[in-house]
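A.B. asks: Next up is a structure, given as structure tokens.
The values are calculated or read from the model by the stated rules, or taken from the named source; none is laboratory data. No experiment lies behind these values; they were computed from the predicted model shown. As a convention, Cβ positions derive from the backbone with ideal geometry for all residues, glycine included, and neighbour counts pool all protein chains shown. The area values use the complete protein model at the heavy-atom level, side chains included, leaving out ligands, DNA and RNA. Shrake-Rupley method; radii C 1.70, N 1.55, O 1.52, S 1.80 Å.
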Amino acid sequence: MLVLHNQTFIDRDEAVVDIEDRGYQFGDGVYEVIRYYDGQWFLLDDHLDRLQYSLNEAEIDFDVQVNNVKARLNDLIEHNHIQDGGVYLQITRGVAPRNHPYPDKQAPTLIAYPLNLKRPLDDQQNGIHTITAKDFRWLRCDIKSLNLLGNVMTKQKALNAGASEAIFYRDEIHVTEGSSTNVFIVRDGTLVTHPADHYILNGITRRYLLNLADKLNIPYQIEVFSLNTLKQADEVFVTSTSAEIKPVVSIDDKKIGDGTPGTITNTLLEHYFDDINITKLPEDV
Ligand code: PMP
């Protein structure tokens with residue numbers, strides 16, 4: 001496997017982290033996971049726009065366009081002969097003697113390498129089991145930061161409980177998102193999902209879904225909902241680049257609907273794969 005390191009390609013074995021890279025020591029960096037289906041990027045431009053957003057918000061001195069990230073990612077796909085799968089890309093604030101303040105001169109480190117992402121067809125057919133968990137993360141979840149300790153601890157909690165995803169809530173009346181996904185409910189034929197604010201990551205798949213709902217004339221509301229509303233919903237599903245759309249069939253051992261994937265969820269899933277040639281969403285939701 002060839003790995004992109006700044007502007008050059010190196011073998012997997014040579015791709016090692018400097019002990020003083022701030023990403024390694026402080027989680028001082030941002031990342032993206034991008035899908036590549038059947039020889040084409042999926043929503044690449046939206047991922048690159050969000051990457052720039054995360055960089056700007058984290059005040060990491062790196063310009064995605066100036067550094068030709070798109071062209072380098074195309075080279076990465078070509079060098080590794082990828083037809084289906086994805087790419088992991090991260091940019092840290094770079095290497096500097098360990099000290100909290102930003103270094104005077106930032107020299108960010110970029111690495112990107114292929115991910116062997118498969119379509120999660122079993123979960124899509126059967127639906128997934130979930131738990132709810134207190135959202136104890138920081139309040140800038142809109143930045144796709146490397147600091148994922150709260151997310152990984154909570155994902156493990158779900159696995160330990162025999163589930164595969166945890167749905168976060170700040171308090172009883174405020175469900176936010178999943179440990180690695182965005183959450184949607186269907187209530188009386190209307191989709192509902194959390195506003196894109198500092199409490200959640202504005203998922204590219206979330207935005208894709210809202211555009212798809214527009215196209216299919218499925219009404220949606222962007223608003224905060226409670227734990228009670230979540231558990232009483234007709235349908236629930238989660239979205240992410242790697243999960244795509246996964247129906248949720250139980251939450252904390254309580255069945256959602258009749259305990260099988262819902263009709264609207266299945267309709268959205270059917271359309272997902274028709275759209276794999278999209279590189280840019282028409283509008284920002
Ligand atoms: N929220 C969190 C916390 C995530 O980790 C992810 C996936 N990275 C998402 C939402 C979904 O984002 P996207 O659709 O852009 O993959």
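A.B. asks: Report ³J(HN,Hα) in whole Hz for each residue of region 237-249, in order, from the Karplus equation J = 6.51 cos²θ - 1.76 cosθ + 1.60 where θ = phi - 60°; Gly and Pro get x.
C.D. replies: Result, ordered by residue: 8, 10, 9, 6, 4, 7, 7, 6, 10, 10, x, 9, 9 Hz.
A.B. asks: Could I have the simple spin-label model distance between GLU59 and GLU14, label points 7 Å from Cα toward Cβ, reported in nm to one decimal?
C.D. replies: 3.6 nm
A.B. asks: Still on this structure: Please list, in chain and number order, the residues 5+ apart from VAL64 or on another chain whose amide H is under 5 Å from its amide H, with Hs placed from the backbone.
C.D. replies: none
A.B. asks: Still on this structure, please answer the following. Going highest first, how would you order 33-42, 198-207 by mean Cβ packing within 10 Å? It would help to have the intermediate numbers written out before the result.
C.D. replies: Working: 33-42: 18.4, 198-207: 21.2.
The peptides rank, most packed first, as 198-207, 33-42.
A.B. asks: Going Cα to Cα from LYS134, which lysines come in below 21 Å? Please leave out same-chain ones fewer than 8 positions away.
C.D. replies: Correct list for LYS134: LYS144, LYS155, LYS157, LYS231, LYS254, LYS255.
A.B. asks: How much of the accessible area of the chain, in percent, comes from carbon and sulfur atoms when a 1.4 Å probe is used?
C.D. replies: The value for the chain is 49 percent carbon and sulfur by accessible area.
A.B. asks: Which whole-number percent gives the relative contact order of region 221-285, counting Cα pairs below 8 Å spaced six or more residues apart?
C.D. replies: Averaging sequence separation for qualifying contacts and normalising by length gives 25 percent for region 221-285.
A.B. asks: How large, in Å, is region 198-285 by the Kirkwood hydrodynamic radius built from its alpha-carbon pairs? Intermediate values should be presented prior to the final figure.
C.D. replies: On the way: mean 1/r = 0.0710 Å⁻¹.
This gives a value of 14.1 Å.
A.B. asks: What residue among GLU32, GLU14, GLU165 has the largest mean-square fluctuation in a Gaussian network model of the chain, using Cα springs under 10 Å?
C.D. replies: GLU14
A.B. asks: Any idea what Rg and Dmax come out to for region 1-136 if you just take the C-alpha atoms, in Å?
C.D. replies: In order Rg, Dmax, the Cα atoms of region 1-136 give 16.7, 52 Å.
A.B. asks: Starting from the Cα-Cα distance between HIS81 and GLN106, subtract it from 0.36 nm times their residue separation and give me the gain in nm to one decimal.
C.D. replies: Gain on stretching HIS81 to GLN106: 5.7 nm.
A.B. asks: So which GluC sites (Glu not before Pro) in region 201-285 are both in a DSSP loop and have at most 14 other Cβ atoms within 10 Å of their Cβ?
C.D. replies: Answer in residue order: GLU223, GLU283.
A.B. asks: THR190 to LYS255: extension gain in nm, 0.36 nm per residue of separation minus the Cα-Cα distance? Intermediate values should be presented prior to the final figure.
C.D. replies: Values: separation 65, 0.36 × 65 = 23.40 nm, distance 1.95 nm.
Stretched out fully, the THR190 to LYS255 stretch lengthens by 21.5 nm.
A.B. asks: Short version: what are the Cα gyration tensor semi-axes of region 134-285, square root of 5 times each eigenvalue, largest first, in whole Å?
C.D. replies: Value: 22, 19, 15 Å, ordered largest first.
A.B. asks: If you count only protein heavy atoms and use a 1.4 Å probe, how large is the accessible surface of ASP18, to the nearest 10 Å²?
C.D. replies: 70 Å²
A.B. asks: Considering just Cα atoms, how many Å³ per residue does the convex hull of the chain enclose? Could the numbers behind the result be given before it?
C.D. replies: Values: hull volume 37.2 nm³, N = 285.
Hull volume normalised by residue count: 130 Å³.
A.B. asks: A follow-up question, please. Quick one: which of 85-91, 273-279, 139-145 comes out on top by average Cβ neighbours within 10 Å, and what's the full order, highest first?
C.D. replies: On the way: 85-91: 20.6, 273-279: 13.0, 139-145: 17.4.
Result, highest mean Cβ count within 10 Å first: 85-91, 139-145, 273-279.
A.B. asks: For ASP274 and ASN74, FRET efficiency with R0 = 22 Å and r from the beta-carbon atoms, rounded to 0.05?
C.D. replies: Result of the calculation: an efficiency of 0.40.
A.B. asks: Which angle between 0 and 90 degrees, to the nearest 10, do you get for helix 263-272 versus the longest principal axis of the chain when only C-alpha atoms count?
C.D. replies: 30 degrees
A.B. asks: Another question, if that's okay. If each DSSP helix of 4+ residues adds -39,500 (n - 2.57) and the sum is divided by the residues in the chain, what number results at 222 nm, nearest 500 deg cm²/dmol?
C.D. replies: Taking each H run of at least 4 residues, the total per residue is -7500 deg cm²/dmol.
A.B. asks: How far is helix 69-79 tilted, in degrees, relative to the longest principal axis of the Cα atoms in the chain, given as a value from 0 to 90 rounded to the nearest 10?
C.D. replies: The helix 69-79 is inclined about 90 degrees to the chain.
A.B. asks: Could you check the simple spin-label distance between ASP171 and VAL224, using points 7 Å along Cα→Cβ, in nm with one decimal?
C.D. replies: It is 0.9 nm.
A.B. asks: Measuring from a point 7 Å past the Cα of ARG119 along Cα-to-C-beta, which residues in region 244-259 have an amide N at less than 15 Å?
C.D. replies: 244-247
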